[in-house]
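Only the coordinates and a few stated rules stand behind these numbers; no lab work does. Everything quoted here is computed from the prediction, not taken from an experiment. Using ideal geometry, Cβ is built from the backbone for each residue, glycine included, and neighbour counts are taken over all protein chains shown.
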Amino acid sequence: MGKLIYATNNSLDGFTEDTSGSFDWSEPDEEMHVFYNDMMRGIGTQLLGRRMYETMAVWETEPSFFEESAVLADFAAAWQDSDKVVYSTTLTGPVTQRTRISPVFDADEVRALKEASPADLLVGGPDLAAHALRAGVVDEIRVVLAPVTVGAGKPAFPTDLHLDLDLSDERRFGNGAVHVAYRVRR
């Protein structure tokens, strides 16, 4: 059985993007990208909202985005080597392989995916993750905290949800970022 992981890059004050929608302050350096590559290799299925999907699809649709770096090419290969479920009411079809569009998040379907999967699943994007967190289907939360505060923007977590967590891993990066992983207590 796979576990569902919510992985997110945050500012220290808890935002995934600033008020202008920018997240360039969380762009990983090579050390962090190797870390992400290792994490992505263990993912069998990604659950993505439309916006996250459109952002991440370049890892398959734009070879010039990753051809010049072995580390980026490794991430692209790992990203492409997973199934994707994209939750959207506006997309008519996928632009990447191994992708299906679903009009609505269904917690029972996610539970069934977890039960049937020999690999872990990843939920990306704070809006979709909020649905998964509220439904109680997220098993682990992995946060990379960037050494920056942005003051306001899109919060990484629902502001009306209480979660009890157990620290399972931590790591410091040379650029000042910190990764923390927590198991969600049931």
Compute the length gained on full extension between Asp160 and Arg51: take 0.36 nm times their separation in residues and subtract their Cα-Cα distance, giving the result in nm to one decimal.
-> 37.0 nm
GNM of the chain, Cα pairs under 10 angstrom: of Ser26, Ser102, Ser69, the biggest fluctuation goes to Ser69
Looking at region 102-185, what % of the alpha carbon pairs are farther apart than 20 Å?
-> 43 percent
Debye log10 I(q)/I(0) for region 40-144, one point scatterer per Cα, at q = 0.11, 0.12, 0.18, 0.23 Å⁻¹ | -0.33, -0.40, -0.89, -1.36
Positive-end residue of Ser69, Leu161, Val180, charge dipole of the chain with Cβ unit charges | Leu161
The chain, relative contact order [Cα under 8 Å, separation at least 6], % | 35 percent
Report the normalised scattering of region 1-81 as log10 I(q)/I(0) at q = 0.16, 0.20, 0.21 Å⁻¹, calculated by the Debye formula with identical scatterers on the alpha carbons.
-> -0.70, -1.10, -1.21
Provide the per-residue ³J(HN,Hα) series for region 99-107, in order, calculated from phi with Karplus coefficients 6.51, -1.76, 1.60 and θ = phi - 60°, each as a whole number of Hz, with x at glycine and proline positions.
-> 10, 10, 9, 10, x, 8, 6, 10, 4
Per the rule of 0.36 nm per residue minus the C-alpha distance, extending Asp106 to Val148 adds in nm 11.7 nm
Within straight-line cross-link reach of Lys114, lysines at Cα separation under 26 Å, skipping those fewer than 8 residues along the same chain | Lys3, Lys84
Could you check which residue among Leu128, Leu163, Leu145 shows the biggest mean-square fluctuation in a GNM of the chain with a 10 Å Cα cutoff?
-> Leu163
Log10 I(q)/I(0) at q = 0.10 Å⁻¹ for the chain, from Debye over equal alpha-carbon scatterers, is -0.38
